[in-house]
1. Decide, for segment 37-116, between rounded, prolate and oblate: order the square roots of the alpha carbon gyration tensor eigenvalues as a ≥ b ≥ c, take rounded if a/c falls under 1.5, and otherwise choose prolate if a/b is larger than b/c, else oblate.
2. Just to check I understand the Karplus step: with θ = phi - 60° and J = 6.51 cos²θ - 1.76 cosθ + 1.60, what whole-Hz values come out for segment 67-77, glycine and proline as x?
3. Between Thr198 and Val89, how high is the FRET efficiency from 1/(1 + (r/R0)^6) when r is the Cβ-Cβ distance and R₀ = 25 Å? Nearest 0.05.
4. Between His180 and Ala120, how high is the FRET efficiency from 1/(1 + (r/R0)^6) when r is the Cβ-Cβ distance and R₀ = 35 Å? Nearest 0.05.
5. Name the residues whose placed amide hydrogens come within less than 5 Å of the amide hydrogen of Gly38, ignoring near sequence neighbours (fewer than 5 apart) on the same chain.
6. Counting only residues 5 or more places away or on other chains, whose amide H sits under 5 Å from the amide H of Ser189 once H atoms are built in the peptide plane?
7. Using alpha-carbon positions, what is the distance between the centroids of segment 26-50 and segment 62-140, in Å?
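Every read-out reported here was derived from the displayed coordinates using simple, explicitly stated rules and does not represent laboratory data. Since the structure is predicted, the reported quantities are computational estimates derived from the model, not experimental observations. Ideal geometry is used to build each Cβ from the backbone, glycine not excepted, and the neighbour counts take in all protein chains shown.
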Amino acid sequence: MLQKLFFDLQYRFGKPPWDSGVTPPEVVAFIENQKPSGHALDLGCGTGTNSIYLAQHGFTVVGVDFSPKAIAAARVKSQRANRAVDFRVADVTRLEFLSAPFDFILDIGCMHAIGAEGRARYADHLARLTRAGSVFMLYAFSPHPASERGHWIKLNNVGITPDEVTELFRPNFALEKIEHGMNRGQRASAWYWFRRKTDV
């Protein structure tokens, strides 16, 4: 898969721009203010920065990424931090190997790169892997406008609109909050806070 090769090469030959090594303030604020606990799932975990942060705050954590290089780095980082995290090399749209319900699911910049069919599987897995009250926190880019140069290059134009995000998760999750912003001042993006519905 071209996309998997792209990410593997990014991790193998340099530090990807998204791998800041810092847990975003939006995640820190939610965890430290709300103080959730239990089982957490970090989708597209990369080199494990946020998985380790969640483990440091009392969660039992599973981190999933399809880049073996990223997962290898994440395992080293978790050992150095003396935090146990179950890191798995896997496709986030193929989570059949997971069964325990998760209380908190985090996705920072992963789902927006998945095609329509994969997104449907992803949403189905999240419904299966959560229970009433579970929180799903998502960060996603919006697509480049068609008027922008290079918008047609798939790897350069990953993204999903807020309406598409809301519609994708509407059957099983209630959108509690959305914060719009710009990634590095160049790309429209948003944080989404969803909670698993109780009446499905």
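1. Details: a/c = 1.76, a/b = 1.24, b/c = 1.42.
Oblate shape, in that a/c is at least 1.5 and b/c is the bigger or equal ratio.
2. Values per residue, Gly and Pro as x: 9, x, 5, 5, 5, 4, 5, 5, 5, 5, 4 Hz.
3. Details: r = 34 Å, r/R0 = 1.35.
Taking R0 as 25 Å, the efficiency between Thr198 and Val89 is 0.15.
4. Working: r = 25 Å, r/R0 = 0.71.
It comes out at approximately 0.90.
5. Thr60
6. Result for Ser189 returns Ser142, Gly181, Met182, Asn183.
7. 11 Å
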